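Asker: What follows is a single structure, and I will ask about it in a moment.
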Amino acid sequence: MIDLAVYNNKGQEIESLKIDEEALGGSVRYPLLKQAIVMYHANKRVGTAANKSRSMVAGSDKKLFRQKGTGNARVGNIRTGKRVGGGVTFAKSMRDFSKQMPKKQRRLARNSAILAKLLSNNIVVIDDLVFEKPRTKDFVSVLNNLKIDRSCLVTINMANENLYKSARNVPKIGVMPVCDLNAGDICRYKKLLFTKEAILSVLNQNKISDN
């Protein structure tokens, strides 16, 4: 069991949570975690780079002049990649770099990423993050109270527009609901800031899926 402190907006510890490592898979599955991160980066690739090959450019297929007897170097048609205006040799074409993983593997990789952050003391839990109106200054004040000065992913249970607007101008800060949480985004940030409701939601999801 791991004891995890719960703080309020002022950075004061108000309670603690006991988290069973078995609820997050028991151990960090590094091969599975790497596979999920590779998928994460592959799915962010656009793959729209393309050139025109010799078959795509305009021009005749006729050989420019005969092979022998002219004293010139032998050439093909005007669309060859050796000539100005010709096609590109070994031209790039649009391709799909996306990868897929089964849903269960993605969930296990997410749990391994959370457990790795937990074991390295890079998870902070706050009782709630509620803002009456969008204000970046208030959000930065909360981060300072919690002594978060590195990149951080804020994880909430449900979408919160005021929180999104308060955090969007803060460098190296991301906000994400639990339902979108994945191994790639977790490993992208140094710290994880969970609301109490959000981390309990993750643990409850794992209990339901195990049953």
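Asker: What accessible area per residue comes out for region 146-211, rounded to a whole number of Å², with a 1.4 Å probe?
Answerer: On the way: 3470 Å² over 66 residues.
For region 146-211, the solvent-accessible area averages 53 Å² per residue.
Asker: Non-local amide H neighbours of Val154 (under 5 Å, H modeled in plane, Pro and chain starts lacking H): which ones?
Answerer: Answer set, sorted by chain and number: Gly174, Val175, Met176, Leu193.
Asker: Can you give me the accessible area per residue for region 32-106, using a 1.4 Å probe, in Å²?
Answerer: Values: 6170 Å² over 75 residues.
Result: 82 Å² of accessible area for each residue.
Asker: How high is the relative contact order of region 118-211, in percent, with contacts defined as C-alpha pairs under 8 Å that are six or more residues apart? Walk me through the intermediate numbers first.
Answerer: Details: 129 pairs, mean separation 36.7, N = 94.
Averaging sequence separation for qualifying contacts and normalising by length gives 39 percent for region 118-211.
Asker: Among bridges DSSP assigns within the chain, what percent are antiparallel (round to 5)? Could you put the intermediate results ahead of the total?
Answerer: Working: 6 of 21 bridges.
Around 30 percent of the beta bridges assigned by DSSP in the chain are antiparallel ones.
Asker: Still on this structure, please answer the following. Select from Asp20, Asp149, Asp180 the residue whose mean-square fluctuation is largest in a Gaussian network model of the chain (Cα-Cα springs shorter than 10 Å).
Answerer: Greatest mean-square fluctuation among the candidates belongs to Asp180.
Asker: Can I ask one more? Choose one answer from Arg168, Arg135, Arg74: the residue with the largest mean-square fluctuation in a GNM of the chain with alpha-carbon springs under 10 Å.
Answerer: Arg74
Asker: Let me ask you something else. Using a 1.4 Å probe over the heavy atoms of the protein chains, calculate the carbon and sulfur portion of the accessible area of region 22-65 as a whole percent.
Answerer: Using a 1.4 Å probe with all protein chains present, region 22-65 comes out at 57 percent carbon and sulfur.
Asker: Choose one of Ala198, Gly184, Ile173: the residue whose Cα lies farthest towards the positive end of the charge dipole of region 124-211 (beta-carbon charges +1 Lys, Arg; -1 Asp, Glu; about the Cα centre).
Answerer: The Cα lying farthest towards the positive end belongs to Ile173.
Asker: Still on this structure: Lys/Arg Cβ at +1, Asp/Glu Cβ at -1, dipole of region 5-62 taken about the Cα centre: which of Ala5, Ile19, Thr48 is farthest positive-ward?
Answerer: Checking the options against the dipole of region 5-62, the answer is Thr48.
Asker: Return the long-range amide H neighbours of Val6 (sequence gap of 5 or more, or a different chain), with a cut-off of under 5 Å between placed amide H atoms.
Answerer: Sorted by chain and number, the residues that satisfy this are Ile14, Glu15, Ser16, Leu17.
Asker: Loop-only check: which trypsin sites (Lys or Arg not before Pro) in region 1-68 are DSSP coil with at most 15 other Cβ within 10 angstrom?
Answerer: Numbers: sites: Lys10, Lys18, Arg29, Lys34, Lys44, Arg45, Lys52, Arg54, Lys62, Lys63, Arg66, Lys68; in loops: Lys10, Arg29, Lys44, Arg45, Lys52, Arg54, Lys62, Lys63, Arg66, Lys68.
Listed in order of number, the matching sites are Lys10, Lys44, Arg45, Lys52, Lys62, Lys63, Arg66, Lys68.
Asker: Next question, about the same structure. Using the Karplus curve 6.51 cos²θ - 1.76 cosθ + 1.60 with θ = phi - 60°, work out ³J(HN,Hα) for each residue of region 11-16 in order, rounded to whole Hz, and write x for Gly and Pro.
Answerer: Each residue's phi maps through the Karplus curve to give x, 8, 6, 10, 6, 9 Hz.
Asker: If you build a Gaussian network model of the chain, linking Cα atoms that sit under 10 Å apart, which residue out of Met94, Met176, Met158 swings the most?
Answerer: Per the Cα network of the chain with a 10 Å cutoff, Met94 tops the list.
Asker: Helix-derived [θ] at 222 nm for the chain: sum -39500 (n - 2.57) over DSSP H runs of at least 4, divide by residue count, nearest 500?
Answerer: On the way: 6 runs with 69 residues, N = 211.
The helix-only estimate for the chain comes to -10000 deg cm²/dmol at 222 nm.
Asker: Rounded to a whole number, what % of the accessible area of region 97-172 do carbon and sulfur atoms account for, probe 1.4 Å? Provide the component values of the computation, followed by the final result.
Answerer: On the way: 2010 of 4440 Å².
Here carbon and sulfur together make up 45 percent of the probe-accessible area.
Asker: Taking the Cα centre of region 1-160 as origin, work out the dipole magnitude from +1 charges on Lys and Arg Cβ and -1 charges on Asp and Glu Cβ, in debye rounded to 20. Provide the component values of the computation, followed by the final result.
Answerer: Numbers: 30 positive and 13 negative charges, 489 e Å.
So the magnitude is around 2340 debye.
Asker: What whole number of Å gives the distance from the Cα centroid of region 149-211 to the Cα centroid of region 43-77?
Answerer: Measuring centre to centre over Cα atoms gives 52 Å.
The values are calculated or read from the model by the stated rules, or taken from the named source; none is laboratory data. Here the structure is a predicted model, which is why all the values come from computation and not from measurement. For neighbour counting, all protein chains shown are included, and Cβ atoms are generated from backbone atoms with ideal geometry for every residue, glycine included. Heads up: the accessible areas ignore ligands, DNA and RNA and are worked out on the full protein's heavy atoms, side chains in. Shrake-Rupley method; radii C 1.70, N 1.55, O 1.52, S 1.80 Å.
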